[in-house]
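In what follows, a single structure is set out as structure tokens and then discussed.
Derivation of every value follows stated rules applied to the coordinates shown; laboratory data play no part. From a predicted model like this one, the values you see are computed outputs, not experimental measurements. Note that we place each Cβ from the backbone using ideal geometry, even for glycine, and neighbour counts take in every protein chain shown.
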Amino acid sequence: MVWVKLITTGIAPISAQKIAIPTYPNPTNGIITIPIVKELDGTSFSIVDQFGKIVHQGKFKTQQQTLNLAHLRQGVYYLKASDVLNSTQRIIKL
């Protein structure tokens, strides 16, 4: 038999804030536009392929960000905001 003692630290759990990341056009032939809401300003992002490989990284830094994905193959990609925001948007590249 194993006994486990629980200890309360008095620190509230941190819950990740989920923010929608609008992108258009989606599906895209290469250029996507992302209107930046204040919660995303200055946040790091990455675009990953279906295998989890990072294919692009950057920071949201203007009111509207444009990304050129023309160099990527056709397929499904995911735009992920920093882990703090826990936000992901699927992007379909034609």
| request: Sequence neighbours fewer than 8 away in the same chain don't count; with that in mind, list the lysines whose C-alpha is under 28 Å from Lys93. | output: Lys18, Lys38, Lys53, Lys59, Lys61, Lys80
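Among Lys59, Lys80, Lys53, rank each residue by its count of other Cβ atoms within 10 Å, from fewest to most, as a rough exposure measure. Mind showing how you got there, number by number?
Numbers: Lys59 13, Lys80 19, Lys53 8.
Least to most surrounded, the residues fall as Lys53, Lys59, Lys80.
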| To one decimal place, what orientation-averaged projected area in nm² is obtained for the convex hull of the Cα set of region 31-93? | 3.9
| request: List the residues whose amide H sits under 5 Å from the amide H of Lys59, counting only those 5 or more places along or on another chain, with H placed 1.01 Å from N in the peptide plane. | output: Phe45
